[in-house]
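First comes the structure, then the notes that go with it.
Read-outs throughout are calculated quantities, based only on the coordinates presented, and are distinct from any laboratory measurement. Only a predicted model underlies this, so the values are computations on that prediction, with no experimental measurement involved. Counting neighbours? That spans all protein chains shown, and the Cβs are built from the backbone with ideal geometry, glycine included.
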Amino acid sequence: MKKSLAHLPKHKQDELKLITDTIVKSFPGAQMLILFGSYARGNWVEDTYKQGHITYEYKSDYDILVITETKRQANDDGLQRKLNDKLKGTATDVNLIYHPINQVNTNLESGWYFFSDIKKEGIVLYDSGKFKLAKLKKLSAKKRAELAKTDFNMWFKSAKEFYDNYVINFDKKRYKNAAFQLHQATERFYIAIMLVFTNYKPKTHDIEKLGRKAASFDPRFLRAFPRATKSEEQAFKLLKKAYIDARYKASYRITKKQLEYLAERVKTLQRLTKRICTEKIESFV
């Protein structure tokens, strides 16, 4: 695997060194840290994207795989939250995923292309030297397309069903429940995208993080939720909060008008998901 960050600007190299030191000191279970995604490949983005009269801002995250010795360490949510708090001050957002070494190696040996791509493209930021990564099994283009299509069909269908549930609740004026159903539809469209592009389902319900990741695959996904105006930003935040607040907080409020606007944006996400994922699946073969 690669170890050099020479393709990155000096300030990015310095920032990643600081992030690496923070993870190693704050997460003692970490055995290897591997930078993957756009910063490893060299196609990261810090730019704007224009569609008609709307300008979208987009900035790539640092994607880092934290390999632990045990499953228990990889699932230590309390320690992960503390580490995330320590990394909040970085100029570039950090997306950490955690997996134990035996799981990573099993996935490499089975040809799981998310982990195979990390081994092929990733850059080692830290290595305790205690473990080695297994040899990867290469999947055929046909098999990769079959897996992507199966995952897409399952999650795209699920997303549409939650959208149907939104319509039912909206018609009955159960607006809080409608907001939750709309959030779930959004989340599932994004999961369909994640699985098609990476064969990996992240452990998050944060649609803002999922949206940023989708945009890193194709900037057209930014069209789903423009946030250029105060009303657009407010509506998106209500959708983002709906996963918890719409179900458990009496103070959560969302209007009929806001729901109608968000429903239109989710339908746009549905169309983009179908079009771009279909293009990606076809590109495998």
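Summary table
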{"read-out": "Value of D in µm² per second that Stokes-Einstein yields for the chain, Kirkwood Rh from Cα pairs, at 10 °C (1.306 mPa s)", "value": "78"}
{"read-out": "Length-normalised contact order for segment 10-127 - Cα pairs under 8 Å, 6+ apart - percent", "value": "35"}
{"read-out": "Residue-averaged [θ]222 nm for the chain, counting only DSSP H segments that reach four residues, each worth -39500 (n - 2.57)", "value": "-18500 deg cm²/dmol"}
{"read-out": "Segment 197-231 residues near the modelled Tyr261 label - backbone nitrogen below 15 Å, point 7 Å along Cα→Cβ", "value": "224-231"}
{"read-out": "Three-way shape label, segment 128-204, alpha-carbon gyration tensor, a/c 1.5", "value": "oblate"}
{"read-out": "With Cα atoms, 0 to 90° folded angle of helix 256-284 axis to the chain main axis", "value": "40"}
{"read-out": "Shape metrics for segment 141-284, restricted to C-alpha atoms - Rg then Dmax, Å", "value": "15.1, 50"}
{"read-out": "Amide hydrogen neighbours beyond the local backbone of Thr68, cut-off 5 Å, H modeled", "value": "Gln31, His99, Ile101"}
{"read-out": "Cα gyration tensor shape of segment 59-120, rounded if a/c is under 1.5, else prolate or oblate by comparing a/b with b/c", "value": "oblate"}
{"read-out": "Approximate shape of segment 10-127 as ellipsoid semi-axes (Cα gyration tensor, √5λ), whole Å, largest first", "value": "26, 18, 13"}
{"read-out": "Exposed-site-free run, longest, the chain (rule: trypsin sites (Lys or Arg not before Pro); DSSP loop; at most 15 other C-beta within 10 Å)", "value": "4-87"}
{"read-out": "Efficiency of FRET from Cβ geometry, Arg271 and Thr150, R₀ 22 Å, rounded to 0.05", "value": "0.55"}
